[in-house]
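Student: Structure below; questions to follow.
The values are calculated or read from the model by the stated rules, or taken from the named source; none is laboratory data. Note that the structure is a prediction, hence the values are computed from the model and not measured. No Cβ is skipped: glycine too gets one built from the backbone with ideal geometry, and neighbour counts run over all protein chains shown.
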């Protein structure tokens, strides 16, 4: 009887081992593809900030193909697919598309069009706010405060949309935590834009005062720059 049990255990373990081997191979391939998606997405966002929009589109198209390949590789291994790394790569891919659309003033792509999970999409919006903050500060440094105000309003709307989803972290992918970080980024950006507006107002007032002073008659002065008394 013991010999039969040994044979049975061997057959069972061999079957399980084959399954684990296939699962491990799929996981390694999926991880490699997801890492490439994350790299492409980061480079696409960098290209957007540099104004290299064609390069950004090409990188995002590559990422879309890679994510389709991930789905195919992990089709028979849903437990691996939902282990977390696919979610992270989908989030980065969505963030790149969202950043591109918001900065370019184009329509936001839907999660279904991007082929990403809803939780990944919503969390990506919070990450995109961070990229918008970077772009706003760059534009403000070039005195484009009006664009900064416009983007700040959009950032507010993104935050309000995020906090409207009151669901457990297991469903939302930790959206509440992302929303908290997003709010802090928005408030910091609001302060930066407000300071820039006040700086512009101050510079305009000083320029106006300087122009008025130039139009005033200047009294005669001595060598020390002190006005001489009227005779």
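Student: Restricting the search to the stretch 83-96, which residues are closer than 17 Å to residue 175 by Cβ and either outside the structural domain of residue 37 (by TED's automatic domain parsing) or in a loop (DSSP other than H, G, I, E, B) (or both)?
Tutor: Matches in the stretch 83-96: 84 only.
Student: Continuing with this model, one more query. Does residue 29 fit the bill of being in contact with a helix residue (DSSP H, G or I) (Cβ under 7 Å, 6 or more places away or on another chain), touching a residue at least 40 places away in the same chain (Cβ under 8 Å) and part of a helix (DSSP H, G or I)?
Tutor: Criteria met by residue 29.
Student: Additional query: When residue 146 is evaluated against the numbered criteria (1) assigned to a loop (DSSP other than H, G, I, E, B); (2) out of contact with any helix residue (DSSP H, G or I) (no Cβ under 8 Å at 6 or more places or on another chain), which criterion, by number, is the only one it fails?
Tutor: Only one criterion in (1) assigned to a loop (DSSP other than H, G, I, E, B); (2) out of contact with any helix residue (DSSP H, G or I) (no Cβ under 8 Å at 6 or more places or on another chain) is unmet by residue 146, namely (1).
Student: Yes or no: the stretch 106-117 includes at least one residue that is buried (at least 23 other Cβ atoms within 10 Å of the Cβ), within 26 Å of residue 61 (Cα to Cα) and free of Cβ contacts under 8 Å to residues at least 40 places away in the same chain.
Tutor: no
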